[in-house]
1. Six or more apart or on different chains, Cβ atoms under 6 Å: show the pairs whose first residue is in the stretch 92-108 and of a type in the set (Asp, Glu) and whose second is assigned to a strand (DSSP E or B) and at pLDDT 95 or above.
2. Restricting attention to the stretch 73-96, which residues are surrounded by 13 or more Cβ atoms within 10 Å (Cβ to Cβ), at pLDDT below 95 and in a strand (DSSP E or B)?
3. Any chance the stretch 140-149 includes a residue that's under 20 Å from the mean Cα position of the chain (by Cα) and within 20 Å of residue 107 (Cβ to Cβ)?
4. So which residues in the stretch 197-247 are of a type in the set (D, E, K, R) and under 15 Å from residue 168 (Cβ atoms), if there are any at all?
5. Collect the residues in the stretch 107-131 that are of a type outside the set (Phe, Trp, Tyr), under 17 Å from residue 168 (Cβ atoms) and out of contact with any His (no Cβ under 9 Å at 6 or more places or on another chain), keeping them in residue-number order.
6. Mind listing whichever residues of the stretch 140-190 are more than 22 Å from residue 216 (Cα to Cα), in contact with a Pro (Cβ under 6 Å, 6 or more places away or on another chain) and of a type in the set (D, E, K, R)?
Amino acid sequence: MRRKANISIAIFFFLLLCLIVPAYAQLSPPGLGKANTAFWMALGMRQPLDTAGKVESLTYVGLGRTSNPTGDANPLHNQAILVLNQEFYHHYRKSKEFSYALSYRRQNNYEASYPYHHEEPAYEQEFRLYGRYALTTNVRHLTWKNTLRQEFRKFFTPDFKTADEDFQFRTRIKSQLSIPLNTINHNKLSTSAEVLFSISKEHESDHWDNYGYRETRFTVYYTMHPKHLPFTVDIGYMNDLLGTGHDITDVHYMAVDIIWEGKKH
């Protein structure tokens, strides 16, 4: 009953965000699979590439850790993922933007039962290409941003051979609402809801699974931009609901990212 309630709450808040009507987006945690708790930290640099500030580069490295799948609430217990990401943003209209990115990820694999040793292989490598289109609406002091993101994910074993899951196409739909808290340090509070759909192809059998819903992610972030420092600091929480029906995993993330804000040319 608790898991069904979580799904109902998830759908409610997602619809609410879509009906209500950016500051910059946070470097939200990647999905780290089944666990009780997780921790995500990222260090990045955002740099305008033109004098008008309409084209930007965002580069970051991120590190994720998780608890064991059961019987453990320590989010720092296991190394989970290493992420290297490069994204370019184009703000071609005041309320419209598109971006494209290349990402490398190395994600560790652990057994689902005690004593939770590494699986064989111990980790999987991924190269990801994605494009994102976003529409932003300002309603008084609020900023409402809706994003459609399409990804192509290619998976490899540690020695760069094709993994069991060959590749995946994934669609992500996200709605984010931001509220400024003051004008001195540009502090703000943001909340978002994101649903993910995907289809994958297996390597050995050439089998395709069905395109469908996979998970929902909710975030709440507090953003600080100290007045005399070229940094933006985001501290947040994410609730990741994996699966459907009676097979749902509820993972709680704590997250922090620090972004160096480059100056315009």
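The values are calculated or read from the model by the stated rules, or taken from the named source; none is laboratory data. Since the structure is predicted, the reported quantities are computational estimates derived from the model, not experimental observations. So basically every Cβ, Gly included, is an ideal-geometry build from the backbone, and we count neighbours across all protein chains shown.
1. Filtered contacts from the stretch 92-108: 97/89; 97/134.
2. Once the filter is applied, which keeps residues that are surrounded by 13 or more Cβ atoms within 10 Å (Cβ to Cβ), at pLDDT below 95 and in a strand (DSSP E or B), the stretch 73-96 yields 78, 91.
3. Taking the stretch 140-149 as the starting set, the residues that turn out to be under 20 Å from the mean Cα position of the chain (by Cα) are 143-149.
Filter once more, keeping what is within 20 Å of residue 107 (Cβ to Cβ): 149.
So far as the stretch 140-149 goes, yes, one or more of its residues are under 20 Å from the mean Cα position of the chain (by Cα) and within 20 Å of residue 107 (Cβ to Cβ).
4. Let us first name the residues in the stretch 197-247 that are of a type in the set (D, E, K, R), namely 201-202, 204, 206, 209, 214-215, 217, 227, 234, 240, 247.
Residues satisfying the conditions are 201, 202, 206, 209, 214, 215.
5. Keep residues of the stretch 107-131 that are of a type outside the set (Phe, Trp, Tyr), which gives 107-109, 111-113, 115, 117-122, 124-126, 128-129, 131.
Imposing the further condition that a residue be under 17 Å from residue 168 (Cβ atoms) reduces the set to 107, 109, 124-126, 128-129, 131.
If the condition is that a residue be of a type outside the set (Phe, Trp, Tyr), under 17 Å from residue 168 (Cβ atoms) and out of contact with any His (no Cβ under 9 Å at 6 or more places or on another chain), then 107, 124, 125, 126, 128, 129, 131 are the ones that fit.
6. Listed by number, the list holds a single entry, 188.
A quick yes/no check of all residues on (1) of a type outside the set (Val, Ile, Thr); (2) on the phi > 0 side of the Ramachandran plot; (3) within 22 Å of the chain's Cα centre (by Cα); (4) in a strand (DSSP E or B):
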position: 176; (1), (2), (3), (4): yes, no, yes, yes
position: 191; (1), (2), (3), (4): no, no, yes, yes
position: 214; (1), (2), (3), (4): yes, no, yes, yes
position: 217; (1), (2), (3), (4): yes, no, yes, yes
position: 236; (1), (2), (3), (4): yes, no, yes, yes
position: 243; (1), (2), (3), (4): yes, yes, yes, yes
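Every residue, every condition in (1) of a type in the set (Asp, Glu); (2) out of contact with any Phe, Trp or Tyr (no Cβ under 6 Å at 6 or more places or on another chain), yes or no:
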{"site": "52", "(1), (2)": "no, yes"}
{"site": "56", "(1), (2)": "yes, no"}
{"site": "74", "(1), (2)": "no, yes"}
{"site": "87", "(1), (2)": "yes, yes"}
{"site": "95", "(1), (2)": "no, yes"}
